[in-house]
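Please read the structure below before turning to the comments.
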Amino acid sequence: MSLLSQHIIRGAAHDSSARDPPPRCHPKTRVKLIARITAWFEGQASLELLLWITGPAGVGKSAVVQTFAEYLVKSHLLGASVFLSRPNKRDNPHGVFITIAYQLATQIEAYRDYIVERLRLDPELLRGDLQAQFTTFIVEPFTVKQIGAGGRRWGILLDGLDELRGSDAQCEIIRLISSFAHEHPNAPLAWIIASRPESHISNMFEDDEVGRSYWSEYIPIDSTEACADVERFLRSSFKMTQKKFRHCVSSDWPSNTDFLKLTAAASGLFVYAQVVMQFI
């Protein structure tokens with residue numbers, strides 16, 4: 001396990017201090033979306049064991065994945081979570097499956113025993129390419145050794161795939177996961193990939209072989225639900241600001257006109273509303 005930990009993407013887990021505070025959905029926002037994702041995950045007979053969450057930058061994809069990760073933790077069903085970030089140097093493609101393996105090993109005793117024995121015999125497995133790593137850490141333990149067969153289904157969350165270094169590596173990861181999800185529907189793993197709809201990623205998901213194994217959720221910027229959620233977030237944030245600075249802020253601040261200007265400018269884009277409140 002110590003050897004494995006030396007090759008993971010540090011700070012990428014949902015509860016890592018490097019991401020504190022992590023983006024998460026504001027209470028009572030994204031309720032319908034989270035409910036659909038939960039229904040998909042809990043539908044054990046589902047034919048699609050891969051979910052692609054996509055949408056423009058700043059629409060709140062990471063917050064949705066973070067919120068769902070926390071739900072899986074409470075349900076004792078989170079297998080692994082990897083939040084990629086190019087600016088924070090969490091973007092090494094060769095660390096993705098090792099990070100997933102490390103987290104799975106902390107959750108599943110039989111999986112840990114298998115991985116520990118494999119690495120004891122051949123530590124160089126950690127230096128394999130993406131295909132070799134996926135075979136070692138995912139295919140062999142869950143299909144050949146049947147670890148976890150017939151039991152609970154573990155969620156594996158991969159956020160910000162478009163932040164990963166190299167478009168070829170991004171496409172390879174989609175191919176490996178989608179093929180596995182299609183060929184091994186009884187494996188105890190359900191996958192979520194979140195990314196922007198970059199052309200090469202969209203093309204990969206639209207490929208005939210990949211298309212048969214996934215379900216998608218597109219998060220638009222200016223949908224009625226998104227606009228209502230942003231307005232709810234802004235109202236709550238202003239109330240908190242009023243409470244914190246009540247000695248110098250009047251109870252009728254901001255004016256209704258100013259508030260409506262802000263909600264119109266945000267147009268359902270969460271990152272806009274969040275930056276506005278940080279500035280204020």
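The values are calculated or read from the model by the stated rules, or taken from the named source; none is laboratory data. Since we're looking at a predicted model, the values are computed, not measured. Note: ideal-geometry Cβ built from the backbone for every residue, glycine included; neighbour counts use all protein chains shown. Accessible surface areas use protein heavy atoms only, side chains included; no ligands, DNA or RNA. Shrake-Rupley method; radii C 1.70, N 1.55, O 1.52, S 1.80 Å.
General remarks:
- Exposure ranking of ARG165, ARG127 by accessible area [1.4 Å probe, largest first]: ARG127, ARG165
- For the chain, a Gaussian network of Cα nodes joined below 10 Å ranks LEU262, LEU130, LEU49 by mean-square fluctuation, and the top entry is LEU262.
- Derived scalar couplings ³J(HN,Hα) [segment 248-260; Karplus, 6.51 cos²θ - 1.76 cosθ + 1.60; whole Hz; x for Gly, Pro]: 9, 10, 6, 6, 9, 9, x, 5, 4, 5, 5, 5, 5
- Rounded to whole Hz, the Karplus (6.51, -1.76, 1.60) HN-Hα couplings of segment 125-135, x for glycine and proline: 4, 5, 9, x, 6, 4, 4, 5, 4, 5, 5
- Ordering TYR111, THR143, ALA80 by the projection of their Cα atoms onto the charge dipole of the chain, which places +1 on the Cβ of Lys and Arg and -1 on the Cβ of Asp and Glu, puts ALA80 at the extreme positive end.
- Accessible-area value, LYS244, 1.4 Å probe, nucleic acids and ligands omitted, Å²: 150
- Using C-alpha pairs below 8 Å separated by at least 6 residues, the relative contact order for segment 102-254 is 18 percent.
- Residues listed by number, segment 221-260, amide nitrogen under 19 Å from ALA57 label point at 7 Å toward C-beta: 221-222
- Sum of -39500 (n - 2.57) over DSSP H runs of 4+, divided by residues of the chain (222 nm, nearest 500): -14000 deg cm²/dmol
- Note on TRP52: accessible area approximately 20 square angstrom, rounded to 10, probe 1.4 Å, nucleic acids and ligands left out.
- Segment 37-116 - percent relative contact order, Cα under 8 Å, separation 6 or more: 18
- Listed values for segment 62-78 are Karplus-derived 3J(HN,Hα) couplings in whole Hz (6.51 cos²θ - 1.76 cosθ + 1.60, θ = phi - 60°), namely 5, 5, 5, 5, 4, 4, 5, 4, 5, 5, 5, 4, 4, 8, 6, 10, 7, and x replaces Gly and Pro.
- In units of the rule-of-thumb radius 2.2 N^0.38 Å, the chain shows an alpha carbon radius of gyration of 1.09.
- The chain: relative contact order in percent, alpha carbon pairs under 8 Å with at least 6 residues between: 27
- Violating pairs (Cα-Cα greater than 31 angstrom) within the set LYS74/LYS261; LYS89/LYS239; LYS32/LYS261; LYS74/LYS239: LYS74/LYS261; LYS89/LYS239
- Diffusion coefficient of segment 110-222 by Stokes-Einstein, Kirkwood radius over Cα pairs, 4 °C, 1.567 mPa s: 84 µm²/s.
- Separation of segment 71-88 from segment 1-34 is 5 Å, based on Cα centroids.
- Among beta bridges from DSSP that stay inside the chain, the antiparallel ones total about 5%.
- Axis of helix 270-279 versus longest Cα principal axis of the chain: the two differ by about 60°, to the nearest ten degrees.
- Stokes-Einstein diffusion for segment 224-279 at 37 °C, viscosity 0.692 mPa s, with a Kirkwood radius from C-alpha pairs, works out to 286 µm²/s.
- Length released on extending from HIS76 to MET277, taking residue separation times 0.36 nm less the Cα-Cα span: 69.0 nm
- Across the accessible surface of the chain, with the other protein chains kept in place and a 1.4 Å probe, carbon and sulfur atoms take up 52 percent.
- Placing R0 at 45 angstrom, the Cβ-Cβ distance between SER255 and ALA132 gives a FRET efficiency of 0.15 after rounding to 0.05.
- Label-point separation, SER236 to ILE34 (7 Å along Cα→Cβ), nm: 0.8
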